[in-house]
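Beneath this line is the structure, given in C-alpha cells, with notes to follow.
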Amino acid sequence: MATSWLSVLLLVSIVFSCFLAASAGDFYQEFDLAWGDKRAEILNGGRLLTLSLDKASGSGFRSKREYLFGRIDMQIKLVSGNSAGTVTAFYLSSEGPNHDEIDFEFLGNLSGDPYIVHTNVYSQGKGDREQQFYLWFDPTKNFHTYSIIWSPQGITFMVDNIPIRVFNNEESIGVPFPKNQPMKVYSSLWDADEWATRGGLVKTDWSKAPFKAYYKNFNAYSWNSVGTDVWRTQALDATGRRWLRWAQKYHMVYNYCADLKRFPHGRPRECRRSRFL
C-alpha cells in the first residue's frame, strides 16, 4: 500500500529533527533582532519572540544562518482585533539588487474579516508572481504553522501541513528560479495601509496600537546540514494534490496566472505549463 503523503511528511520531519535539534526554536541561538529598537523581544528563555508595531515604527528579526534548500517552519499567532493596514511578513531572502525571495505576507483586516495570505516568489530581483488566499481559521486565536519547502525542483507553501501553493522550477522554458543564492529567514511587522487592506481603502487605526505578533517553535531542516537527498525527490502524492486543489478552489482569492488584464499580451510562461502554481 502506498504511504500517505502526510505520513511521509511526518516521517521525514522526525528524521530531520534528529539531526537539527539545535534549530528547534531557541530564538536567542537562531535569530538577531534586526530593527525596531525594543519593539522586538525574545521571551521565555528563548522559546517565544514578539514583534510590535506602533505609529513610530514596526520591528523585525532575521536568522543568523543562511539556508540553501530545505524546509523552514514557524508557528505564528497574528495581530488580533482590528489589524487593518498592518502586514506581518515571514520570508526567505538573499541580499542585493538581484536577490531571491520566497514570501508569506499576512495582510491585516477589520475585526471579524478574514486575513489574506499573500505569497510571492522572486528570482534575480524580479517577483510579480502573487497568489493570495483567505485562511480557513482565525489566525489570531492560536498559533499555526507556516512552512516553506524549497528544493531545486520547486517551492511549496504550506499552512498547518496543508499545501496551498506549488511553484515549480521551469528554467527549461526560460523562467528564472531561485536556486543559487543562500537565503536567511526574516520576519517583520510593519504599516502598509497604502495598499494592504482593500487596496488601501481601509487605513490603520492607531488607537488600537501597539499591534503584536507572536512566534514560537522555529525549525529549519537543511539538506546541507544532514547530507541527504530526501527533499530533492519529495513531491506531493495524491492526498497532497487533493489538499492543494481544495485550497486553490475554495480559498484562493487572487492568482496572477488568471489576471488577464495584467498580462494582455499573454500569461507568463510558467502559467501555461503547470496546473499548480
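Read-outs throughout are calculated quantities, based only on the coordinates presented, and are distinct from any laboratory measurement. Model, not experiment: these values are computed from the prediction. Quick reminder, even Gly has a Cβ in these numbers, built from the backbone with ideal geometry, and neighbours come from all protein chains shown.
Below are the figures for this structure:
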read-out: Theoretical FRET efficiency, 1/(1+(r/R0)^6), r = Cβ-Cβ of TYR28 and LYS55, R0 30 Å, to 0.05; value: 0.55
read-out: Set of aspartates and glutamates near LYS203 by C-alpha distance (under 19 Å), chain-local residues within fewer than 8 positions excluded; value: ASP54, GLU105, ASP113, ASP191, ASP193, GLU194
read-out: Within the chain, longest stretch clear of exposed GluC sites (Glu not before Pro) (DSSP loop, no more than 12 other Cβ within 10 Å); value: 96-193
read-out: At R0 = 45 Å, FRET efficiency that the Cβ-Cβ distance of LYS208 and ARG272 yields, to 0.05; value: 0.50
read-out: Two-decimal Rg/Rh across the chain, once Rg and the Kirkwood Rh are taken from alpha-carbon atoms; value: 0.95
read-out: Total formal charge among the other residues, if their Cβ is under 13 angstrom from that of LEU135, Lys/Arg +1 and Asp/Glu -1; value: -2
read-out: Across LYS126/LYS208; LYS208/LYS249; LYS77/LYS184; LYS126/LYS216; LYS184/LYS216; LYS212/LYS249, pairs whose alpha-carbon gap is larger than 24 Å; value: LYS126/LYS208; LYS208/LYS249; LYS126/LYS216; LYS212/LYS249
read-out: Length-normalised contact order of the chain in % [C-alpha pairs under 8 Å, at least 6 apart]; value: 27
